[in-house]
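To start, the structure itself, in structure tokens.
The values are calculated or read from the model by the stated rules, or taken from the named source; none is laboratory data. The structure displayed is predicted, hence computed values, not measured ones. Using ideal geometry, Cβ is built from the backbone for each residue, glycine included, and neighbour counts are taken over all protein chains shown.
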Amino acid sequence: MSRGTLAHVLTLGRRTFADTDLLVMAIVNRTKDSFYDQGATWAEEKALDRVRVVVEQGADLVDIGGVKAGPGEVVDEAEELRRVAGFVAKVRAEFPDLVISVDTWRASVGRAVCEAGADVLNDAWGGFDRGLVDVAAEFGAAYVCTHTNGAAPRTPPHRPSYDDVVATAIADTVALAEYAERRGVKRESILIDPAHDFDKNTWHSLELTRRLDEMCATGWPVLVSLSNKDFVGEALGKPIGERVLGTLAATAVSAWHGAQVYRVHEVAETRQVLDMVAAIKGTRAPEAVVRGLA
Amino acid sequence: MIAAVLCPHPPLLFRELTGRQDVAAELRAACHDVLSEALATAPTRVVVVGAADEAREWTGEPAVRRFGTNEERRETDELPLSLGVGRRLLDEAGWSGETELVSLTWDAGDEVVDALGALLRQSTNTVALVLGEGSTRRGDKAPGFLDERSFPFDSATAAALESGDATALRGLDVVLADELMVLGRTAFRVLGALGRPLSARLAYDHDPFGVAYHVALWRYT
């Protein structure tokens, strides 16, 4: 069940990180209709500009996606490939050392982006296409195991219920992580993600956040995707566009509990929150200390 | 059979699940209004009918914690959602009399539906509380996204409820109902199997969250 204390590094393709490093994964959408940016980086050049900005802001990796998570316009395999494969190659050419993740559920897309230089396959629909695991193993890519409660890709929640949402999320993601390891993905390159709001209502996502330490205690590195989601909006009664503060609060709590990777829209703000939590935890020295020491 | 009440069964009818604001106040009030009118006929028994994963009689409590709240988890016999909402509505209406809780499957066949309908119709001094709702696909933000066929389907259901057209409800298009994620597929048909009422009232017909909710009262005396 637990990854235990064997692995203390996280390897994401070309980069290796210590388990105390808190990583910012910047969302880069090659979509027309994602809920937050509404097509702001649909044009390839705009998306490339976004990569340049987030790298400057301190993103450790980018997560490139070609399909909106929610329902909407059908994006078939060919269209998804058109959106992301060539783009990954361009990002790789401009940023040889940047960790590139791709958000996809399709093995065929995973193969194309790994050939183009991707380091991480963020399987946001939780092993829906099991072939994606094998692609990660073949290319030495990292693999994110997401808890979707068996939902088909792009299905919004409708009355999901759980005996214990945290226990279920842990059991399902750890099972997928162990499966990925058996299929040949490197142990230090497997992450688990409780997937806030995916087949979960706001109560479920809040409880996952509150008890994220239980998920971190499995020993598998935990990725969280909290950014501007509905559970933040419903908790505070805030529409999209007014959820950054709530997102950062959830980010701080998650960091305190031990999550390692943060998939976000706001890179600079997240970086600062994570650095502050790390300073409080004692895993990052303060930047410059004079007060009372002069 | 004295009367039959139809209510939807979204989890948000459990007040404690909607948070600081009561987002379903109007719907809950409509359910209370109609149920109170039915219970004012002084039945000796209420039969609660809803769909679930299995067909059987139940005892237990609403399974609210499965959906949320910050309460501790307790070991209890849990009712399926439809019957749990029915049980809660009866509690809120002050009903403490004899209550039977019966589920049919989501895809119950004609024979099962008709058998339960006949049994209820012959019951004396009984109110039936039937739980079910219409399309889950009434908008871009609806749980089932948008399917334009939802609108004529739900309008036809509402018209049948308002006019007491039992035949129309009993004969609803089950294939289309499944495609529109109509969780009231079985409930509507059971109501139809009760036969034409002496009077019918449709008290609520809206879709505030992309799901068609109907609240209705059919009286047989």
By residue number, the members of the range B:17-70 that are part of a strand (DSSP E or B) and either touching a helix residue (DSSP H, G or I) at 6+ places or on another chain (Cβ under 6 Å) or among the hydrophobic types (A, V, I, L, M, F, W, C) (or both) are B:V46, B:V47, B:V48, B:V49, B:G50, B:A51, B:A52, B:W58, B:P62
Within the range B:162-208, the residues that are in contact with a Leu (Cβ under 7 Å, 6 or more places away or on another chain), part of a helix (DSSP H, G or I), hydrophobic (A, V, I, L, M, F, W, C) and within 25 Å of B:A24 (Cβ to Cβ) are B:L169, B:A187, B:F188, B:V190, B:L191
Taking the range B:171-202 and keeping only residues that are under 17 Å from B:P10 (Cβ atoms), more than 14 Å from chain A (Cβ to nearest Cβ) and either surrounded by fewer than 21 Cβ atoms within 10 Å (Cβ to Cβ) or of a type in the set (A, V, I, L, M) (or both), one is left with B:A187
Looking across the range B:141-161 at residues that are without any contact (Cβ under 8 Å) to a residue 40 or more places away in the chain and assigned to a loop (DSSP other than H, G, I, E, B), the single one that is nearest to the other protein chains (Cβ to nearest Cβ) is B:F145
Checked pairs for the range B:1-19, first within 11 Å of another protein chain (Cβ to nearest Cβ) and more than 11 Å from B:A216 (Cα to Cα), second among the acidic types (D, E) and in a helix (DSSP H, G or I), C-beta under 7 Å and 6 or more apart or across chains, list as none
When the range B:84-108 is checked residue by residue, the ones that are of a type in the set (A, V, I, L, M) and within 14 Å of another protein chain (Cβ to nearest Cβ) are B:V85
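Inside the range B:98-114, can you point out the residues that are surrounded by 14 or more Cβ atoms within 10 Å (Cβ to Cβ) and of a type outside the set (S, T, Y)?
Here is the first cut: in the range B:98-114, the residues surrounded by 14 or more Cβ atoms within 10 Å (Cβ to Cβ) are B:99-106, B:108, B:112-114.
Once the filter is applied, which keeps residues that are surrounded by 14 or more Cβ atoms within 10 Å (Cβ to Cβ) and of a type outside the set (S, T, Y), the range B:98-114 yields B:E100, B:L101, B:V102, B:L104, B:W106, B:A108, B:V112, B:V113, B:D114.
Could you pull out the residue among B:G164, B:G117, B:G134 that is within 26 Å of B:L12 (Cβ to Cβ) and crowded, with 16+ Cβ neighbours inside 10 Å? Talk me through it step by step, then tell me what you get.
Working: B:G164 fails: within 26 Å of B:L12 (Cβ to Cβ); B:G117 fails: within 26 Å of B:L12 (Cβ to Cβ).
Within the list B:G164, B:G117, B:G134, the selection yields B:G134.
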Looking across the range A:184-203 at residues that are of a type outside the set (D, E) and on the phi > 0 side of the Ramachandran plot, the single one that is nearest to the other protein chains (Cβ to nearest Cβ) is A:A195
Expected output for the range B:100-121 (first residue more than 18 Å from B:D178 (Cα to Cα), partner among the hydrophobic types (A, V, I, L, M, F, W, C) and at pLDDT below 95, Cβ below 7 Å, 6+ apart or cross-chain) is B:L120/B:M1; B:R121/B:M1
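Here is a yes/no grid of residues against (1) part of a loop (DSSP other than H, G, I, E, B); (2) more than 14 Å from chain B (Cβ to nearest Cβ); (3) over 16 Å from the mean Cα position of the chain (by Cα); (4) at pLDDT 95 or above:
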site	(1), (2), (3), (4)
A:Y143	no, yes, no, yes
A:R154	yes, no, yes, no
A:H158	yes, no, yes, no
A:D172	no, yes, yes, yes
A:E178	no, yes, yes, yes
Is it the case that the range B:75-83 has a residue that's surrounded by 21 or more Cβ atoms within 10 Å (Cβ to Cβ) and either free of Cβ contacts under 8 Å to residues at least 40 places away in the same chain or β-branched (V, I, T) (or both)? yes
Kindly indicate whether any position in the range A:78-91 is at positive phi and more than 19 Å from the chain's Cα centre (by Cα). no
